[in-house]
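Novice: Mind having a look at this structure? Questions to follow.
The values are calculated or read from the model by the stated rules, or taken from the named source; none is laboratory data. A quick note: this is a predicted structure, and the numbers were derived from the prediction, not measured. Positions of Cβ are backbone-derived with ideal geometry, glycine not excepted, and every protein chain shown enters the neighbour counts.
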Amino acid sequence: MPDPSPWWSPHVHADRRPFLLARGRIAAALRAWFGARDFVEVETAALQVSPGNEAHLHAFATRLLSPDGTEQGLYLRTSPEFACKKLLTAGERRIFDFARVFRNRERSALHHPEFTMLEWYRAGEPYTAVMQDCVEIVAEGASAVGAKRLTFRGADINPAGPPERLTVAEAFMRHAGIDLLDLLDLLDSLTGGIPDRDRLAAAAKAIGIRVAEDDLWGDIFSRILVERVEPHLGRERLTLLYEYPAVQSALARPSALDPRVAERFELYACGVELANGFGELTDAVEQRRRLEAEMDVKARVYGERYPIDEDFIAAVAQMPQASGVALGFDRLVMLATGATRIDQVLWSPVPEPP
């Protein structure tokens with residue numbers, strides 16, 4: 001059980017301090033890694049018109065008061081993505097941001113209301129480039145603190161070893177016995193429609209996955225992924241899981257080889273999701289449609305919606321082809337240092353409610 005004393009108690013801080021010093025060494029090593037590759041470090045604003053438009057992410061809202069007392073609703077960002085993409089439109093080619101981000105309704109050994117997201121972009125380069133970046137960055141972070149192995153909840157892997165590369169369809173077949181591509185209709189993918197929910201529900205029930213009557217296609221997909229697929233990922237070596245269904249990839253461009261899937265990947269280490277990256281969508285009309293569809297789901301499930309950042313939509317229309325990825329920096333520090341909870345690697349964690 002965690003020590004009930006506050007994080008600033010000298011004995012608690014003494015236990016946490018080795019993790020925190022290691023955090024600094026990892027951050028310094030990664031800044032040097034990016035600098036050697038001509039990336040520019042940027043610092044994007046935490047206050048945004050829209051916090052992001054993913055249906056199941058929850059933001060912190062606030063009010064901006066002008067000197068004359070006029071109010072404007074703003075949010076603490078859930079990701080620096082919108083601001084970073086505007087910088088790509090402005091002309092930046094390679095950028096990275098150690099961004100403080102905020103997500104409500106999230107708290108566990110791996111989740112915290114405020115955390116650091118390391119996000120970077122390559123203009124004019126394919127998403128396979130940032131996939132390789134992820135592999136190198138994990139190895140670099142581990143090396144910075146002399147970690148020969150990454151460990152978490154019984155998993156133990158070599159951070160410098162070659163990764164497993166697995167499509168989502170391959171993973172669903174291997175670990176859940178479900179032919180995912182057969183359940184993704186090509187016409188739906190081309191027209192922006194939602195795949196047949198009942199077919200996926202039947203496949204899920206056949207392997208013992210609970211399905212509620214009001215579950216949407218994405219809810220069922222995520223439950224299969226979390227319960228049957230993710231526990232097997234990154235257990236023996238790093239795993240790059242790629243080609244997510246296009247319907248689950250609101251900010252990624254469709255694959256040129258198969259529009260049923262998108263240029264989206266996630267990186268897993270020790271069963272932990274470390275990074276989520278894309279070949280970035282640059283079709284502004286399609287981007288608006290996808291974000292509005294996400295907010296329709298949010299309104300139906302949670303009774304609220306976040307505004308669309310019109311400035312972002314305008315920037316997407318002029319944005320160059322690019323790839324980008326967001327990596328959970330605190331999680332990387334956890335795995336490299338052997339910490340068991342995210343609050344052990346945060347200098348001043350948000351207190352738990354009484």
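Let's see how each residue does on (1) modelled with pLDDT of 95 or more; (2) surrounded by fewer than 15 Cβ atoms within 10 Å (Cβ to Cβ); (3) touching a His at 6+ places or on another chain (Cβ under 8 Å):
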{"site": "Lys86", "(1), (2), (3)": "yes, no, no"}
{"site": "Ala90", "(1), (2), (3)": "yes, yes, no"}
{"site": "Phe98", "(1), (2), (3)": "yes, no, no"}
{"site": "Arg103", "(1), (2), (3)": "yes, no, yes"}
{"site": "Leu118", "(1), (2), (3)": "yes, no, no"}
{"site": "Ala123", "(1), (2), (3)": "yes, no, no"}
{"site": "Val130", "(1), (2), (3)": "yes, no, no"}
{"site": "Val135", "(1), (2), (3)": "yes, no, no"}
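Novice: Name every residue in the stretch 253-263 that is in contact (Cβ under 8 Å) with a residue 60 or more places away in the chain, assigned to a strand (DSSP E or B) and surrounded by 23 or more Cβ atoms within 10 Å (Cβ to Cβ), in order of residue number.
Specialist: Hit for the stretch 253-263 is Val261, nothing else.
Novice: Being assigned to a helix (DSSP H, G or I) and within 19 Å of the chain's Cα centre (by Cα) is the filter here; which residues of the stretch 276-292 pass it?
Specialist: At the first step, the residues of the stretch 276-292 found to be assigned to a helix (DSSP H, G or I) are 284-292.
Listed by number, the residues that qualify are Gln287, Arg290, Leu291.
Novice: Anything in the stretch 11-54 that is in a helix (DSSP H, G or I) and of a type in the set (Gly, Ala, Ser)? List them, or say none.
Specialist: Hits for the stretch 11-54 are Ala14, Ala22, Gly24, Ala27, Ala28, Ala29, Ala32, Gly35.
Novice: If you don't mind, another one. From the list Ala299, Ala315, which residue is modelled with pLDDT of 95 or more and under 29 Å from Asp133 (Cα atoms)?
Specialist: Details: Ala299 fails: under 29 Å from Asp133 (Cα atoms).
Among Ala299, Ala315, only Ala315 is modelled with pLDDT of 95 or more and under 29 Å from Asp133 (Cα atoms).
Novice: If you scan the stretch 141-158, which residues turn out to be out of contact with any Pro (no Cβ under 9 Å at 6 or more places or on another chain) and more than 10 Å from Glu236 (Cα to Cα)? Give the steps one after another, and end with the answer.
Specialist: Filtering the stretch 141-158 down to residues out of contact with any Pro (no Cβ under 9 Å at 6 or more places or on another chain) leaves 144-146, 151-158.
Residues satisfying the conditions are Ala144, Val145, Gly146, Thr151, Phe152, Arg153, Gly154.
Novice: In the stretch 212-234, which residues are of a type outside the set (Asp, Glu), farther than 21 Å from Met295 by Cα and crowded, with 18+ Cβ neighbours inside 10 Å?
Specialist: Ile224, Leu225, Arg228, Val229, Leu233, Gly234, listed by residue number.
Novice: Within the stretch 21-47, count every residue that is buried (at least 18 other Cβ atoms within 10 Å of the Cβ) and more than 25 Å from Thr337 (Cβ to Cβ).
Specialist: Number satisfying all stated conditions: 3.
Novice: What residue, among those in the stretch 87-141 that are in a strand (DSSP E or B) and among the aliphatic types (A, V, I, L, M), is farthest from the chain's Cα centre (by Cα)? Reasoning before the result, please.
Specialist: Residues of the stretch 87-141 in a strand (DSSP E or B): 94-102, 104, 114-123.
Narrowing further to those that are among the aliphatic types (A, V, I, L, M): 95, 99, 101, 117-118, 123.
Working: Ile95: 17, Ala99: 13, Val101: 11, Met117: 8, Leu118: 10, Ala123: 19 Å.
The extreme case among them is Ala123.
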